[in-house]
1. Kindly indicate which of B:193, B:200, B:228 is modelled with pLDDT under 80 and under 30 Å from residue B:115 (Cβ atoms).
2. With A:37, A:45 as the choices, which residue is more than 38 Å from the chain's Cα centre (by Cα) and either more than 13 Å from DNA strand C (Cβ to nearest atom) or under 12 Å from residue A:18 (Cβ atoms) (or both)?
3. Identify the residue in segment B:111-144 that is assigned to a helix (DSSP H, G or I) and within 14 Å of another protein chain (Cβ to nearest Cβ) and, among all such residues, is nearest to the chain's Cα centre (by Cα).
4. Would you check if there is a residue in segment B:245-252 being more than 14 Å from chain A (Cβ to nearest Cβ) and either surrounded by 17 or more Cβ atoms within 10 Å (Cβ to Cβ) or assigned to a helix (DSSP H, G or I) (or both)?
5. Can you find, within segment A:53-78, the residue that is nearest to the chain's Cα centre (by Cα) among those that are loosely packed, with under 13 Cβ neighbours inside 10 Å and more than 16 Å from DNA strand D (Cβ to nearest atom)?
6. Out of everything in segment A:256-266 that is in a helix (DSSP H, G or I) and farther than 12 Å from residue B:252 by Cβ, what residue ends up being farthest from the other protein chains (Cβ to nearest Cβ)?
7. For segment B:91-107, does any single residue satisfy the condition of being more than 16 Å from DNA strand C (Cβ to nearest atom), within 14 Å of chain A (Cβ to nearest Cβ) and surrounded by fewer than 15 Cβ atoms within 10 Å (Cβ to Cβ)?
8. Mind checking which residues of segment A:29-39 are surrounded by 14 or more Cβ atoms within 10 Å (Cβ to Cβ) and either away from DNA strand D (no atom under 12 Å from the Cβ) or in a helix (DSSP H, G or I) (or both)?
DNA sequence: GTTAGCACTCGACGAGGTAGAGTGCTAACA
DNA sequence: TGTTAGCACTCTACCTCGTCGAGTGCTAAC
């Protein structure tokens, strides 16, 4: 059986209706819908076909039809249309990046809050890990005894602090020298390929500061690696309570639990950065707790290389058109913002 | 009517029983309880008295009795006993502070996670605001054009970064000089009484760096003030789903919503630091969303001055003895940890 | 003052009955 | 051949009713 024009139209309407109401859609409701001018009986025949094809199902015999995940997939792939955002909304998004010009970390935090507010779903934002960033400047500062503070400023305007513990108290003058060497080596380099680059450059330089430098470098790398654990900002978790699909306390519990686990979220957001926009519907999600959710994610980039992800979690009955439109715009703004920072 | 020994014993048993089971306690159950050797009928008489006095109530005529908030208050004030923690538990708590010797912020984050883990309730930890801290060292670093980064290291081993935007690009040499003056002025001083102290000291110094210094100081104060918004770490929010009192989705929703609002939590934790340990039961909480919760908080201190709060949120049917015992020990460890940091 | 006995109350739970929404099937129609 | 009206059917939501059991309050005896 083929999906002719009329079947698609009916499916499209059912999906849209169900996204709105969360109630099974009956043939009478549909036939009264503007845009569909066929009788309820005919629609019933079509719906029976669609059910046979796996696009619809009935919660029980005498209920209307509900779209299956297969239907949402079809809807997302073929039927829905991305639209231009309202001007006010665009301005609201842009203003976030205007207001946090000097600190990318804050801008990213605000992105999460914004995204949840404007979509009314739970938002997730994966901040770039250290490995995605580019070093601009490093400063070593003595704390007390063996401890030194390393302040790392990246070209993306992210500031990171690490406390490093040496084997012996640091001499201030020596620290200064090591600091200089480090800066010469690291300046403008990506933090990802630190190892090779550093080794080469340091060999090329005098071995004057040898001992201490030898010690600082692995400690720095270690600290960097630790801080590289990707941070996910999750906002609006309580929004899930607005959806009847989470009226069951156990479902709500499982989802909230998962949303509170950084490692789960980090995996969720970083496991596929191959495409710009990623929509995972229900069972398409690998993580158990998200198997009755949909997750829409978009990657943002530096020079075309993905460094982080923004995303939205909601019921499979999600407002796909709107969320995709928002994420699309948001991602572009975030890209533009970061590239402004880099070229400043 | 007076609360004689026997009534207290009965009340104590009912409270303990109800905390365990969350089920109304009947007279038969009680009379079978070891430690109470009177018949169910006698207990019924006593329970009727206790109900009249407002310590108990019945959900419905043929149910057992449930402790009122007045009963919990009595229990907390007179009946419960703090006990020594298990050695393993003490070691677990201590190890957190051993493992995060160099960064108070991390230690505090870990405290929240630990507290929720060992109590099985939601934990809240209010980190010290900037005003509670003491300056050790300040470093100004040029970023680009008008922007400079200020790194503040406190004696408590908290590192804070502020980006400050000047009216004109900063000259590096001048920045250095301003930095020196700032350090002379700020060294060892409390960040709370910054205003007066700074003004005096700066007047006493040469006006050589005048213009820039005049500009940096208010900007620094402003940044400090902004970062002074107290941060609350909340862990284990999902734990509330384990309690039947939050089986109602609306109740759960309201609490989770409140727990996600930083300002609500900050108020909750900072509104009474007069006593070391604070127990607020149900209606005693000012904030609406917490009126069917109990909140136990303990303040931690620097040199006897309260700077932050650790706390636990749960149903009014909370395991008060245990939570108070844990918080008591935890607070002492945190105090000891901070004073170690200060005297290092 | 304490206890056993007993009638009473009330919620939880399952059975049964009704209303309404929506279906599938059939037969008639264009 | 595709479309439609009509109708019997199915199933849930909701209500009521009756039963069971836990727990009570009261009374009378110890």
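The values are calculated or read from the model by the stated rules, or taken from the named source; none is laboratory data. It should be emphasised that the depicted structure is a prediction, and the values quoted were computed from it without experimental measurement. Cβ: placed from backbone, ideal geometry, glycine included. Neighbour counts: every protein chain shown.
1. On the way: B:193 fails: under 30 Å from residue B:115 (Cβ atoms); B:200 fails: under 30 Å from residue B:115 (Cβ atoms).
After ruling out the rest, the residue left standing is B:228.
2. Values: A:45 fails: either more than 13 Å from DNA strand C (Cβ to nearest atom) or under 12 Å from residue A:18 (Cβ atoms) (or both).
Answer to the check: A:37.
3. If we filter segment B:111-144 for residues that are assigned to a helix (DSSP H, G or I), which is where we start, we get B:111-119, B:130-132.
Okay, now just the ones that are also within 14 Å of another protein chain (Cβ to nearest Cβ), so B:112-113, B:116-117.
On the way: B:112: 9, B:113: 13, B:116: 12, B:117: 15 Å.
Ranking the qualifying residues of segment B:111-144, first place goes to B:112.
4. First pass over segment B:245-252, keeping only residues more than 14 Å from chain A (Cβ to nearest Cβ): none.
There is no residue in segment B:245-252 that is more than 14 Å from chain A (Cβ to nearest Cβ) and either surrounded by 17 or more Cβ atoms within 10 Å (Cβ to Cβ) or assigned to a helix (DSSP H, G or I) (or both).
5. Pass one, segment A:53-78, residues loosely packed, with under 13 Cβ neighbours inside 10 Å: A:54, A:59-62, A:77-78.
Then drop every residue that is not more than 16 Å from DNA strand D (Cβ to nearest atom), which leaves A:54, A:77-78.
Details: A:54: 31, A:77: 20, A:78: 24 Å.
The qualifying residue nearest to the chain's Cα centre (by Cα) is A:77.
6. Let us first name the residues in segment A:256-266 that are in a helix (DSSP H, G or I), namely A:256-259, A:262-266.
Adding the requirement that they be farther than 12 Å from residue B:252 by Cβ leaves A:257-259, A:262-266.
Values: A:257: 4, A:258: 9, A:259: 9, A:262: 11, A:263: 13, A:264: 12, A:265: 14, A:266: 17 Å.
Among those that are in a helix (DSSP H, G or I) and farther than 12 Å from residue B:252 by Cβ, it is A:266.
7. If we filter segment B:91-107 for residues that are more than 16 Å from DNA strand C (Cβ to nearest atom), which is where we start, we get B:91-107.
From what's left, within 14 Å of chain A (Cβ to nearest Cβ): B:98-107.
Filter once more, so that each one left must be surrounded by fewer than 15 Cβ atoms within 10 Å (Cβ to Cβ): B:98-99.
Yes, some residue in segment B:91-107 is more than 16 Å from DNA strand C (Cβ to nearest atom), within 14 Å of chain A (Cβ to nearest Cβ) and surrounded by fewer than 15 Cβ atoms within 10 Å (Cβ to Cβ).
8. The initial filter retains those residues of segment A:29-39 that are surrounded by 14 or more Cβ atoms within 10 Å (Cβ to Cβ), namely A:29-31, A:33, A:36, A:38.
Hits for segment A:29-39 are A:29, A:30, A:31, A:33.
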